[in-house]
Amino acid sequence: MIFCSLAIGVVAQTPKNDVRKARRDFPGAPTVAEAGAFLDDAEARLFDLGVKASRAAWVQQNFITEDTEQISADANQAATALSVELAKKAARFDGVTLPPVMARKMKLLKLASGFPAPSDPAEQKELAQLEASLDGDYGKGKWCPDGASGKCLDVTAVSKLMAESRDEAELKRAWIGWHVVGAPMRPRYARMVELGDKGSRELGFADAGAFWRSNYDMPPDAFSAEVDRLWDQLRPLYLSLHAYVRGQLAKQYGDNVVRAHGPIPAHLLGNIWAQEWNNVYPLMDSPKPEQSYDLTKILEDRQTDAAGMVRYGEGFFTSLGFAPLPKTFWERSLFTKPADRDVVCHASAWDVDSKDDLRIKMCIQITQEDFVTIHHELGHNFYQRAYNTQPPLFQNSANDGFHEAVGDTVALSVTPEYLKKIGLIESVPPASGDVDYLLQQALSKVAFLPFGLIIDKWRWEVFSGQVKPAEYNKAWWDLRLKYQGVAPPVARNEANFDPGAKYHVPGNTPYMRYFLARILQFQFQRALCREAGYSGPLHRCSIYGNKVAGQRLNEMLALGASKPWQEALETLTGEKQMDATAIADYFAPLKVWLDDQNKKNGYAVGW
Ligand code: X8Z
Ligand code: ZN
């Protein structure tokens, strides 16, 4: 299985009209024993094709060429064809009362695909090719400021420029330049949507969005309401941060560029997608204690290389009691961008054989940001390993937000005290530095929340047909304005396809998981710190070296998808609901400070 990448999977849902046909094909009342044999066979075959598709995807993403795209598309199509076949056969067992484990497997079998293809083989082939080509296009994407014959910047280089430059004109040029990547994808994206919707309808779902929302052990509408509920709890915190950052950016760039009551221009937030704002931290006037440190500089000064960065991450997990990564991890992973070929640089974590062939693929930069991302990726790998003795259909996280939350939870323990323990800094800043620390954390964790929410709000609207291809870009910017309070630096129109410039859209990876993960990771951390016997402020807690906490975490991870996520959550936290109070409490001292600053400086709130 792959995380953070195009989902290669198989699906079986039980469309009503297929039930009758299946009964004709297999006359006689089906038994529980037959259902068991069917599931065993289905799991074995899905597992086999899943591993093949995984290997093909690894090669395609590490060597983007026409041939590898085709190989990967073929492997994907084979997996999809099997899923359609299984969907039809599964219909035979509708109405049979199954023991809970088998019933859960049937349910997961119906939802296992990332994006269901229609049953027509020609359309399956077309969809698989569209997915591989969109993914490949993003991976090959470059901005060539001096034309194609000049020097070109890939996504890593563009991201570096966006993080470091404070030259408004240059940032604008880079922003516009990178967003060109999306435009040619538009017709293929629209066709992919048509095919995914058709496949979803054939399987009994309203559209591909309803299919994605059905994967949360609750009705799809209840899930939509749930994410809105969580966002409502966090909106006031976001608004306070937005107001403060806007005010600070206006000091840097002037009131005519950053208007006091308007949205923040999307090119000024230190990130090409304005999704996390940690790179503009140096522009913020929060009080810096004497002992404050710059982890990027420390790592650079020590000449830490990419593998060294990964070793730090592994060291955290082993300190919790997890076994070290296998030798093959170090041999097979990709840590740095090869100079001689196109690869998909967007970080991802793999368990190629769903046993122990763990790998990451990432174009590592020696920065604090990537230090955290490495923990994120390794969280996927340690989760994959923790559930690898589950049957294939349970080899997944409790819900996809859990998978995205594990490494981030561990990275919350990368506190100053932890950095001192492992010898990266000499002294821990005093409590008076907490606001500054929390501001840094909020610039990535809180700033991200509305972004995490809108990618799939947009796709849900697109999949349902509420937004037509002729309105793709308008709908995108409407949501970005409404939830994030950001605006493009230049007027956009329907010749642009700005969602295509964000990996997960051409990569066709659902995104609500990251929104959930931002909330869950604080909930997990609160529980783990409690288990570790810690009772101080949550932002100062590090579970480094705590085997009890590690054991509790592992218990939840080892469940895989064998239980509804509510039960997995309860195992670790004692709570059955996703709960935004953990993140809100973590940032509570910062909220007070932000509101005070906004008042003192006369910064307006909202846009
Ligand atoms: O895609 C990722 C990970 C891989 S699953 C690097 N993330 C999202 C993004 O980059 O947009 C992590 C945070 C959000
Ligand atoms: Zn991830």
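The values are calculated or read from the model by the stated rules, or taken from the named source; none is laboratory data. From a predicted model like this one, the values you see are computed outputs, not experimental measurements. Note that we place each Cβ from the backbone using ideal geometry, even for glycine, and neighbour counts take in every protein chain shown. Just the protein is used for accessible areas: all its heavy atoms, side chains included, with ligands, DNA and RNA removed. Shrake-Rupley method; radii C 1.70, N 1.55, O 1.52, S 1.80 Å.
Structural remarks
- Region 331-402, relative contact order in percent, only Cα pairs under 8 angstrom and at least six apart counted: 27 percent
- Gain on full extension, evaluated as 0.36 nm per residue between GLU494 and ALA604 minus their Cα-Cα distance, stands at 36.4 nm.
- Ranked by how many other beta carbons lie within 10 Å on average, peptides 102-111, 63-72 from highest: 102-111, 63-72
- Here's how it looks for VAL486: its modeled amide H is under 5 Å from those of ILE264, LEU481, which are all 5 or more places away or on a different chain.
- The slack in the chain from LYS327 to GLU290, taken as 0.36 nm per residue of separation less the alpha-carbon distance, amounts to 9.2 nm.
- Degrees separating the helix 186-202 axis from the principal Cα axis of the chain, which is the longest one: 40 degrees
- For ARG518, solvent-accessible area (1.4 Å; no DNA, RNA or ligand), Å²: 20 Å²
- Local electrostatic count, THR571, Cβ distance below 9 Å [Lys/Arg +1, Asp/Glu -1]: -1
- Unsatisfied cross-links (Cα-Cα over 24 Å) in the set LYS151/LYS172; LYS107/LYS502; LYS474/LYS599; LYS142/LYS457; LYS172/LYS457: LYS107/LYS502; LYS474/LYS599; LYS142/LYS457; LYS172/LYS457
- Between helix 220-253 and the chain there is an angle of about 20 degrees, using the helix long axis and the longest principal axis of the Cα atoms.
- Each label was represented as a point 7 Å from its Cα along the Cα-to-Cβ direction; for ASP596 and GLN466 these points are 4.1 nm apart.
- Using the Cβ-Cβ distance between LYS297 and ALA29 with R0 set to 60 Å, the FRET efficiency from 1/(1 + (r/R0)^6) comes to roughly 0.25.
- Between the helical axis of 400-412 and the longest alpha-carbon principal axis of the chain there is an angle of about 30 degrees.
- Cysteines in the chain that lack a partner Cβ within the 4.7 Å cut-off: CYS4.
- Remark: relative contact order (the chain) = 20 percent; criterion is Cα-Cα distance under 8 angstrom and separation of 6 or more residues.
- Inter-part distance where region 422-448 and region 346-418 are each reduced to a Cα centre, Å: 23 Å
- Heavy-atom accessible area per residue - region 42-198, 1.4 Å, Å²: 40 Å²
- Amide H contacts of LEU153 (H built 1.01 Å from N, under 5 Å, at least 5 apart or other chain): TRP143, CYS144
- Rolling a 1.4 Å probe over the heavy atoms of the protein chains gives region 461-523 an accessible area of 28 Å² per residue.
- Of the peptides 480-486, 74-80, 427-433, the ranking by mean beta-carbon count within 10 Å, highest at the top, reads 74-80, 480-486, 427-433.
- Cut-off 11 Å between beta-carbons: net charge of the residues surrounding ALA447, Lys and Arg +1, Asp and Glu -1: +1
- Here the chain has 53 percent of its accessible surface on carbon and sulfur atoms, given a 1.4 Å probe and all protein chains in place.
- Region 356-437 - accessible surface per residue (Å², probe 1.4 Å): 27 Å²
- The Cα center of region 191-245 and the Cα center of region 457-479 differ in position by 13 Å.
- Peptide packing: for 295-302, 191-198, the average count of neighbouring Cβ atoms within 10 Å per residue gives the ranking 191-198, 295-302, highest mean first.
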